[in-house]
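Structure, as C-alpha cells:
The values are calculated or read from the model by the stated rules, or taken from the named source; none is laboratory data. Just so it is clear, the model here is predicted, and its values are computed rather than measured. Because the Cβ atoms are built from the backbone with ideal geometry, glycine has one as well, and the counts that use them run over all protein chains shown. Only protein heavy atoms, including side chains, enter the accessible area calculation; ligands, DNA and RNA are left aside. Shrake-Rupley method; radii C 1.70, N 1.55, O 1.52, S 1.80 Å.
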Amino acid sequence: MSGKIKKMTNENFYKAIDQKQDYDGENLIQHYENFQDMNKWLQVLTQDSENTGVWEDAGGLLRKNPRYYFNAKRSPRSDLEDTLSEESNNLARYAENNSPTFYGKLGPEDYSELIQKVPLYKTGDGEHDEFVDVINELGNLAGAREDPNKMHAYVQEKISKAPMWAQISFARYGENDLSTLFESYLINADAELKAKMYDENKEIKHTFLEKVFKDSLDEAEKEVKKEDYSEKEKNDVWERNVKPYHMALLEGMYKKGKKDEDKPQKNEARDQRRNERREKGMPF
C-alpha cells in the first residue's frame, strides 16, 4: 500500500455537551450554535438532499473531515438527526443541572421573554392561574388573527355573552364589524397582560414573573414524578412538558452570553488570543 490508513479515535467524532458539566459560557455558546446549525442543515436537506455545502459542513462538524460523506457516498442526514437528538437532550439536562446558576444571572427583561416562550401551567394559585389565562388568551388571539374563520368563531363566542342588542347587531353586521371587534378584544387582552407584567412605574414585575416561570416548571416536574409505572411515559412527560423550560433557559443564557461576548473589552481579549494563536501558526 502506498499510504497508511488514518487511525480512528473518539476525537474524530462530535461530542454533545456534557450535561453534568458546570456552567461555562463559551462552551454553552459553541454547543448551542452547533445545535442551531444542525437544525438548519436538516431543513436544507429536506429540500435539497444532495446539498454539497451541508454535506461538507456536516462532515466537518460530526466527523472532523469535510470530505467524509462524499467519500462514504451517503447522506449525513441520519447522523445529523441522531446527533441533534443527543445534543438537544444533553443541552436541556445541562440547563436543568445548572439552573440555579442560570436563575442568578438572568434579569427582569429575560423573564419577560421566558414566560412567553413556554406553555405555562396552572398550579391552583389564584394570581398565577389568572396570569396564565390572560397570556393564553392573548396567544389564542394572535393565532386567530390571520384566519377569518377563527376570528369569527372567537368574536361569536365573546358576543354570545354580551347584551342581546349586541348579539343582534353582530348577526346583522358581523361581516362589517368583525375586524373592529376582534382588534378591540386583542387590544384589551394585551393591555391586561401588560398590567400584570408591569408595575405603576412601568417596571417589569421581575419577582412575580420569575415565580410564575418556576412554579409552572415545578408543576410539570411533579407530574413527571407521578409516572412511576412506565419509564417511557415518564420520559414523554418530561420531553413534552418540562424540556421546553430548560431549552428556554438555555436560549436566555445563550443570548446573554452573546451580548457579553460583543462587549468591547471582551472583543479585545478575544482578538488578542486569536493573534497569539496565529503567531503559533494556527488558522484561527
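Being in contact with a Ser or Thr (Cβ under 9 Å, 6 or more places away or on another chain) and either modelled with pLDDT of 95 or more or farther than 30 Å from VAL212 by Cα (or both) holds for only one residue in ARG77, ARG67, and it is ARG77. So which residues in the stretch 140-168 are assigned to a helix (DSSP H, G or I), of a type in the set (Gly, Ala, Ser) and open to solvent by less than 40 Å² (accessible area, probe 1.4 Å), if there are any at all? Answer for the stretch 140-168, where residues must be assigned to a helix (DSSP H, G or I), of a type in the set (Gly, Ala, Ser) and open to solvent by less than 40 Å² (accessible area, probe 1.4 Å): ALA144, ALA166.
Whether any residue in the stretch 100-108 is crowded, with 19+ Cβ neighbours inside 10 Å and assigned to a helix (DSSP H, G or I) is what I want to check. Checked the stretch 100-108: at least one residue is crowded, with 19+ Cβ neighbours inside 10 Å and assigned to a helix (DSSP H, G or I). Within the stretch 219-235, if we keep just the residues that are surrounded by 12 or more Cβ atoms within 10 Å (Cβ to Cβ) and of a type in the set (D, E, K, R), the residue that is nearest to TYR111 (Cα to Cα) turns out to be GLU219. Figure legend. Inter-residue proximity from the stretch 227-248: first residues acidic (Asp, Glu), second residues outside any helix (DSSP H, G or I), beta-carbon distance below 9 Å, spacing 6+ or different chains. Indicated pairs: GLU233/GLU227; ASP236/GLU227; ASP236/SER230. For ALA92, the criteria (1) surrounded by 14 or more Cβ atoms within 10 Å (Cβ to Cβ); (2) closer than 24 Å to LYS255 by Cβ; (3) without any contact (Cβ under 8 Å) to a residue 24 or more places away in the chain; (4) of a type in the set (Gly, Ala, Ser) hold in every case but one, which is (3).
Return yes or no: is ASN201 out of contact with any strand residue (DSSP E or B) (no Cβ under 7 Å at 6 or more places or on another chain), farther than 22 Å from TYR121 by Cβ and open to solvent by 40 Å² or more (accessible area, probe 1.4 Å)?
Details: out of contact with any strand residue (DSSP E or B) (no Cβ under 7 Å at 6 or more places or on another chain): yes; farther than 22 Å from TYR121 by Cβ: yes; open to solvent by 40 Å² or more (accessible area, probe 1.4 Å): yes.
For ASN201, the condition - out of contact with any strand residue (DSSP E or B) (no Cβ under 7 Å at 6 or more places or on another chain), farther than 22 Å from TYR121 by Cβ and open to solvent by 40 Å² or more (accessible area, probe 1.4 Å) - is met.
Say whether the condition of being open to solvent by 40 Å² or more (accessible area, probe 1.4 Å), under 17 Å from the mean Cα position of the chain (by Cα) and not hydroxyl-bearing (Ser, Thr, Tyr) is met by at least one residue in the stretch 62-70. Quick ask: steps written out before the conclusion?
Kept after step one, since they are open to solvent by 40 Å² or more (accessible area, probe 1.4 Å), are these residues of the stretch 62-70: 63-68, 70.
Now drop any that are not under 17 Å from the mean Cα position of the chain (by Cα), which leaves none.
Checked the stretch 62-70: no residue is open to solvent by 40 Å² or more (accessible area, probe 1.4 Å), under 17 Å from the mean Cα position of the chain (by Cα) and not hydroxyl-bearing (Ser, Thr, Tyr).
Would you call LEU186 more than 30 Å from ALA95 (Cα to Cα), assigned to a helix (DSSP H, G or I) and open to solvent by less than 40 Å² (accessible area, probe 1.4 Å)? Against the criterion (more than 30 Å from ALA95 (Cα to Cα), assigned to a helix (DSSP H, G or I) and open to solvent by less than 40 Å² (accessible area, probe 1.4 Å)), LEU186 qualifies.
Listed by position, the helices (runs of 4 or more DSSP H) inside the stretch 221-284 whose residues that are modelled with pLDDT of 75 or more, under 26 Å from THR101 (Cα atoms) and touching a Ser or Thr at 6+ places or on another chain (Cβ under 9 Å) number at least 3 are 243-261. Of all residues being in contact (Cβ under 8 Å) with a residue 24 or more places away in the chain and open to solvent by 60 Å² or more (accessible area, probe 1.4 Å) in the stretch 37-61, which is nearest to the chain's Cα centre (by Cα)? Just the residue, please. Among those that are in contact (Cβ under 8 Å) with a residue 24 or more places away in the chain and open to solvent by 60 Å² or more (accessible area, probe 1.4 Å), it is SER49.
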